[in-house]
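**Student:** This structure is in structure tokens; I'll ask about it shortly.
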Amino acid sequence: MPQQDLIILGAPGAGKGTHAEYLKKHMAYVHMSTGDILRVAVAGQTELGKQAQVHMDAGALVPDELVIDLVREQMAELGSGVHYLLDGFPRTVAQAEALAGIVAALGRPQPLVIYLAVSDEEVVHRLGGRRMCGSCGAIYNLYRDGLDAGDRCPACAGELYLRSDDRREAILNRLEVYKQQTQPLIDYYQQRRRLVNVDGEQGQQQASEQVARLARGESGD
Ligand code: AMP
């Protein structure tokens with residue numbers, strides 16, 4: 001089977017960003033993150049950015065029409081031999097249905113959906129270890145980077161802090177919202193036999209390699 005276009009689903013902290021980096025580097029995927037694109041639009045105060053900002057500031061989803069138009073434009077710019085990795089989209093069944101139409105109109109095959117499964121406790125552990133530098137903005141993880149709580153930034157000696165949305169209660173709350181949003185999508189893609197589960201708790205390298213095998217159209221085992 002040829003290389004696949006991909007959607008990656010997974011809770012915050014499941015490793016989506018890490019695997020996306022791996023696929024960009026080793027397989028030349030175009031990483032399309034609607035959250036990143038929207039943040040750039042907000043920072044630039046474009047028409048889209050102004051419309052999206054109200055919703056993002058309220059912690060709500062941006063209306064489907066806006067995000068769907070955005071993805072349609074990005075997809076139209078892709079060359080036929082270039083493969084995409086969608087991250088943060090679709091978030092609703094309406095977006096998933098729109099995506100199927102966009103992809104069909106472009107004559108591309110339907111994407112494979114990779115679901116990175118990670119337990120709640122593991123997410124709390126991973127996100128609870130995340131630290132940001134107050135000076136240079138670098139992001140670390142105490143466990144991955146071998147740092148102790150109280151250490152200073154290895155790059156600039158700035159103070160490292162825990163984001164308020166990485167505290168345990170906030171993490172559990174984000175997970176609950178994520179599950180409510182995502183379950184209908186999991187059902188949608190499972191019914192269409194497009195969904196593959198990947199154990200997000202195996203080693204990072206192993207999980208990236210499994211995702212890459214699936215991306216090449218091989219079996220993930
Ligand atoms: P993310 O970085 O994926 O967590 O996205 C950050 C914010 O951007 C979300 O909280 C939403 O407000 C907005 N956003 C990103 N992707 C979507 C989407 N597919 N549908 C609606 N809103 C989105």
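**Student:** Just checking, does the range 151-171 include any residue being of a type outside the set (A, V, I, L, M, F, W, C), modelled with pLDDT of 90 or more and under 30 Å from GLN191 (Cβ atoms)?
**Tutor:** No.
**Student:** For the range 1-51, what are the residues that are more than 15 Å from the ligand (Cβ to nearest atom) and either of a type in the set (A, V, I, L, M) or farther than 24 Å from ILE139 by Cβ (or both)?
**Tutor:** MET1, PRO2, GLN3, GLN4, ASP5, LEU6, LEU23, MET27, ALA28, VAL30, GLN45, GLU47, listed by residue number.
**Student:** Yes or no: the range 64-77 includes at least one residue that is more than 10 Å from the ligand (Cβ to nearest atom) and β-branched (Val, Ile, Thr).
**Tutor:** no
**Student:** How many of the residues in the range 179-213 are out of contact with any helix residue (DSSP H, G or I) (no Cβ under 8 Å at 6 or more places or on another chain) and closer than 24 Å to THR92 by Cα?
**Tutor:** Residues flagged as out of contact with any helix residue (DSSP H, G or I) (no Cβ under 8 Å at 6 or more places or on another chain) and closer than 24 Å to THR92 by Cα within the range 179-213 amount to 13.
**Student:** Please go through the range 99-110 and pick out each residue that is closer than 14 Å to VAL71 by Cα and either in a loop (DSSP other than H, G, I, E, B) or touching a His at 6+ places or on another chain (Cβ under 8 Å) (or both).
**Tutor:** Scanning the range 99-110 gives a single hit, LEU106.
**Student:** Just checking, how many residues over the range 109-143 are under 20 Å from VAL211 (Cβ atoms), open to solvent by 30 Å² or more (accessible area, probe 1.4 Å) and in contact with a Phe, Trp or Tyr (Cβ under 9 Å, 6 or more places away or on another chain)?
**Tutor:** Total satisfying the criteria: 2.
**Student:** Can you spot a residue in the range 83-98 that is away from the ligand (no atom under 15 Å from the Cβ) and part of a loop (DSSP other than H, G, I, E, B)?
**Tutor:** yes
**Student:** Kindly evaluate TYR178 against the criterion of being within 14 Å of the ligand (Cβ to nearest atom), closer than 19 Å to GLY200 by Cβ and in a helix (DSSP H, G or I).
**Tutor:** yes
**Student:** Check the range 82-91 and report whether any residue there is open to solvent by less than 30 Å² (accessible area, probe 1.4 Å), closer than 28 Å to GLY217 by Cα and of a type in the set (Val, Ile, Thr).
**Tutor:** No: the range 82-91 contains no residue that is open to solvent by less than 30 Å² (accessible area, probe 1.4 Å), closer than 28 Å to GLY217 by Cα and of a type in the set (Val, Ile, Thr).
Okay, residues lined up against (1) open to solvent by 10 Å² or more (accessible area, probe 1.4 Å); (2) in contact (Cβ under 8 Å) with a residue 24 or more places away in the chain:
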{"residue": "LEU6", "(1), (2)": "no, yes"}
{"residue": "HIS26", "(1), (2)": "yes, yes"}
{"residue": "GLY44", "(1), (2)": "yes, no"}
{"residue": "GLY49", "(1), (2)": "no, no"}
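**Student:** Next question. Among all residue pairs at least 6 apart or on different chains, which show Cβ distances below 7 Å where the first residue, located in the range 194-212, is free of Cβ contacts under 8 Å to residues at least 40 places away in the same chain and the second is hydrophobic (A, V, I, L, M, F, W, C)?
**Tutor:** Final answer for the pair search is GLN210/VAL198.
**Student:** Going by the structure shown, is GLN190 in contact with a Ser or Thr (Cβ under 9 Å, 6 or more places away or on another chain) and either touching a residue at least 24 places away in the same chain (Cβ under 8 Å) or not in a strand (DSSP E or B) (or both)?
**Tutor:** Spelling it out, it is not the case that GLN190 is in contact with a Ser or Thr (Cβ under 9 Å, 6 or more places away or on another chain) and either touching a residue at least 24 places away in the same chain (Cβ under 8 Å) or not in a strand (DSSP E or B) (or both).
The values are calculated or read from the model by the stated rules, or taken from the named source; none is laboratory data. All of these numbers come straight from a predicted model, not from anything done at the bench. Positions of Cβ are backbone-derived with ideal geometry, glycine not excepted, and every protein chain shown enters the neighbour counts. When the accessible area is computed, the model is the full protein with side chains, heavy atoms only, and any ligands, DNA or RNA have been set aside. Shrake-Rupley method; radii C 1.70, N 1.55, O 1.52, S 1.80 Å.
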